[in-house]
Each structure stands twice: as C-alpha cells, then as structure tokens.
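J.: One structure follows; several queries about it will come next.
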Amino acid sequence: MLRTDLEARIRTLASHAWDGEVRWPEIEAWIESFTGAVAARDQEQLTSLYALSKFIYFGKRQIREMLKALYRDHFEAPLTQRIRRNLNNTRDVSLLKQQFLTELAATRFLGVGNPSESGAHLLYYFRQVNYLKKDLFVDLSGAFVPQIVKQGTSSRVDLAPRDSGASRYIFFDDLVGSGTQASDYLGSRLAAIRRHKADVDLRLLALFATTTGLERMNSRAMFDGKASCLFELDETFQTFSASSRYFVNAPDWFDQNEFLTVASHYGALLQPSCPLGYKNGQLMMGFSHNTPDNTLPIFWSEGRDLRWAPVFARFSKVY
C-alpha cells in the first residue's frame, strides 16, 4: 500500500504540479535505477519515491510568472520609489512614468555567463513577459569594449561601455547556488568595468539564490549590496540539514539518514566530485528549462560509469 499510495501521489504531481513535463515511464525508469546496493532494493526504491514526492519543480508557466514578479518587485517598483523621493514625493503619475522610462532607457540587462547558458536563455522570456525593448538586452561583449591602459612598463585591460547612454547594468541568473561560478566569471570583469567608470551602477537579479550565494554576490568585490533574488534558499532547502523542510512530518518508516546513504552512494558513482550536488548544494529543485547542478545528482545525472535514468535530466555545459 505504501508504494501504491506514493505512486498515486507522484502521478498527480506529474500531471498537475509538474505540468505534465515529466512522464510516468521516465519516473519508472528512474526508480529501477536503484538496484539495492546499500539497502534492500524495495526499501531503496520506496525511500527514493518518497523523496521524489517532495521534489520542488517549477514549470514554464510558473517561471514566467516569477519573471514578471522579479521585474516588478526588484526593478520597477524600487526604481519608481527612488524617482518619486528625488522629486519631493510627487504624485504626478505622468512625470513619474516619464522619468522611469528615461531610467529604463539607460539600463542594460545581461545574462551571467555566455549567451547559451540558462540565465541568458531566460532573458528572452524575461523580455517577453515584461514587454521590454530588444535594445535593452546585450551580452557582455556587446555591452563593453576592452581598453588597454598603459601603466609604466606594464598594462591592464579595462572594460568601457560601448553605449554612452547606458549607466546601469543588471546581470541576470536563474539560480545563484554557491556563488562560485558567478564569482569566477564576473569577478575580474566587474573590476575592469569599475576601473573605467567608478560610479557605474552594477546589479544582479536572480530568481533563486542560496543565502550563502547571495551574501557572496553582495560582497564589495561583486555587486556591493546590489544583488537580490525573488526567493532566497536558506539551509532548510538543503536536503540533509537538521532543519530540512523536505521531510517535516515524514512517515515513521522514512529514515532521512537512510536516504542520505542512498543518495551519497549512487551520487558518488554518478558525479564523483559532487555526490550531493555542486559544492554540496543538497537541493531537491528543478526547472522546466534545466535542473541546477546544486541539486542531488540522483535526480538529474545520466551517469558516467553507472547507467542511470534521470527523472529531471540536466543539460550540462559543453566546454
């Protein structure tokens, strides 16, 4: 009965909460990947089915609504409020709109990473759902031009804006996990931009960010307090933390430590360098456009030395 009830619950999730984007045969194939290596096969599969029933998945419709909310709550509303304060708290709606459009025209939106990555990919939908003009969106090379600056016998490379009318650059990402990848990609580039123009307004918007990642993005070397997200993922979103939200009021037969053993064993075979997700992310979260590598690999990895059928496949970068 336990397994039958779980399967019925997951079928409902697949049809409704997951927008029908995950099919039952894919789920069955995933379950059959648990072969009883660390516990009885039936117990491994039952434990993993219960964990799957707690997986947080965001479909296309939800992502688009979140993109609207991100723009409204973290760009449009705060900017309008600042404009109003600077105009002595005016109630002139026409003046506020005119000033907002002027500020918007001086803003450029860029993806974190190259144009083929998930953050940049979502900018297309971000532009659509918020009815923004195409010329507000650029990639890094389209926004800045390298300038060699001589320093005695040495030289450095600064990044100068290509468009003199742009004064605000907003970098966009779907998820900031540990913040390591964004720091590695942007750290030296942000410094090069600031060297050319110290008062440039550099910001980061993300749909999701872990508390640790957001703190890293708000460091002085990165966005200096100007990074924000729609949803902050605290330690309760880590599957195996003491305060994990996934298994609150779990049934008596479910053992979180047993699931840790299962996830660690198969995760180590699938992704030896990150058996519980990149930088020990321990998330159980996925999106319709991709699954972040901070999520437990048992959900997304296709495996290397182990044949595996992921239920929320991740499309990895090609280096």
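The values are calculated or read from the model by the stated rules, or taken from the named source; none is laboratory data. For clarity, every value in this text was computed on a predicted model and none was experimentally measured. Note that each Cβ is placed from the backbone with ideal geometry, even for glycine, and that neighbours are counted across all protein chains shown. Calculation scope for accessible area: heavy atoms of the full protein, side chains included, ligands and nucleic acids excluded. Shrake-Rupley method; radii C 1.70, N 1.55, O 1.52, S 1.80 Å.
J.: If I stretch the segment between N89 and R156 completely, what's the gain in nm (0.36 nm per residue apart, minus their alpha carbon distance), one decimal?
T.: Extra length from N89 to R156 when fully extended: 19.7 nm.
J.: Along the stretch 135-150, what does the Karplus equation 6.51 cos²θ - 1.76 cosθ + 1.60 (θ = phi - 60°) give for ³J(HN,Hα), rounded to whole Hz, x for Gly and Pro?
T.: 6, 8, 10, 9, 9, 4, 5, x, 8, 9, 10, x, 10, 7, 10, 6
J.: So how compact is the stretch 1-95: Cα radius of gyration and Dmax in angstrom?
T.: 23.2, 70
J.: How many percent of the accessible area of the chain is carbon or sulfur, using a 1.4 Å probe?
T.: Reported share for carbon and sulfur atoms: 49 percent.
J.: With the alpha-carbon atoms as the only input, what is the per residue convex hull volume for the stretch 91-214 in Å³?
T.: In the stretch 91-214, the Cα convex hull volume per residue is 139 Å³.
J.: Greater than 23 Å separation of Cα atoms is the criterion. Which listed pairs, K134/K197; K60/K134; K150/K197; K197/K226, meet it?
T.: Too far apart for the 23 Å limit: K134/K197.
J.: Specify the angular offset, from 0 to 90 degrees and rounded to the nearest 10, of the alpha carbon long axis of helix 118-129 from the longest principal axis of the alpha carbons in the chain.
T.: 70 degrees
J.: To the nearest 20 Debye, how big is the dipole of the chain about its Cα centre, given +1 on the beta carbon of each Lys and Arg and -1 on that of each Asp and Glu?
T.: The dipole of the chain has a size of about 1600 debye.
J.: Also, I was wondering about something else. Roughly how many Å² is the accessible area per residue of the stretch 154-296, as a whole number, for a 1.4 Å probe?
T.: Dividing the accessible area of the stretch 154-296 by its residue count gives 42 Å².
J.: Do any chymotrypsin sites (Phe, Trp or Tyr not before Pro) in the stretch 102-158 lie in a loop, going by DSSP, with at most 16 other beta-carbon atoms within 10 Å of their beta carbon, and if so which?
T.: When the chymotrypsin sites (Phe, Trp or Tyr not before Pro) of the stretch 102-158 are filtered for loop state and at most 16 Cβ neighbours within 10 Å, Y131 remain.
J.: In what sequence, highest mean first, do 147-154, 94-101 appear when ranked by Cβ atoms within 10 angstrom?
T.: 94-101, 147-154
J.: May I ask you to order 206-213, 6-13 by the average number of other C-beta atoms within 10 Å around their residues, highest value first?
T.: Output ranking for 206-213, 6-13: 206-213, 6-13.
J.: Sticking with this structure for a sec: At Q81 and S53, where each label point lies 7 Å from the Cα along Cα→Cβ, what is the point-to-point distance in nanometres?
T.: 4.1 nm
J.: Hey, another quick one. Mind checking which lysines have their Cα closer than 19 Å to the Cα of K133? Skip sequence neighbours fewer than 8 apart in that chain.
T.: K68, K97
J.: Determine the equivalent ellipsoid of the stretch 103-174 by diagonalising the alpha-carbon gyration tensor, then write out the semi-axes as square roots of 5 times the eigenvalues, largest first, rounded to whole Å.
T.: For the stretch 103-174, the ellipsoid semi-axes come out as 28, 15, 8 Å.
J.: So, one more: So, how do all the Cα-to-Cα distances of the stretch 181-319 break down into 10 Å bins, in percent, from 0 on up?
T.: Going out from 0 Å in 10 Å bins, the stretch 181-319 shows 11, 33, 31, 17, 6, 1, 0 percent.
J.: Right, here's the next one. How big is the gap, in Å, between the Cα center of the stretch 126-192 and the Cα center of the stretch 21-68?
T.: Here the answer is 37 Å between Cα centres.
J.: Could I ask something else about it? Pulled fully out, how much extra length does the chain show between L2 and N114, if you take 0.36 nm times their separation in residues and subtract their Cα-Cα distance?
T.: 35.7 nm
J.: With a 10 Å radius around each residue's Cβ, average the other Cβ atoms per peptide and rank 39-51, 184-196, highest first.
T.: Top to bottom by mean Cβ count within 10 Å: 39-51, 184-196.
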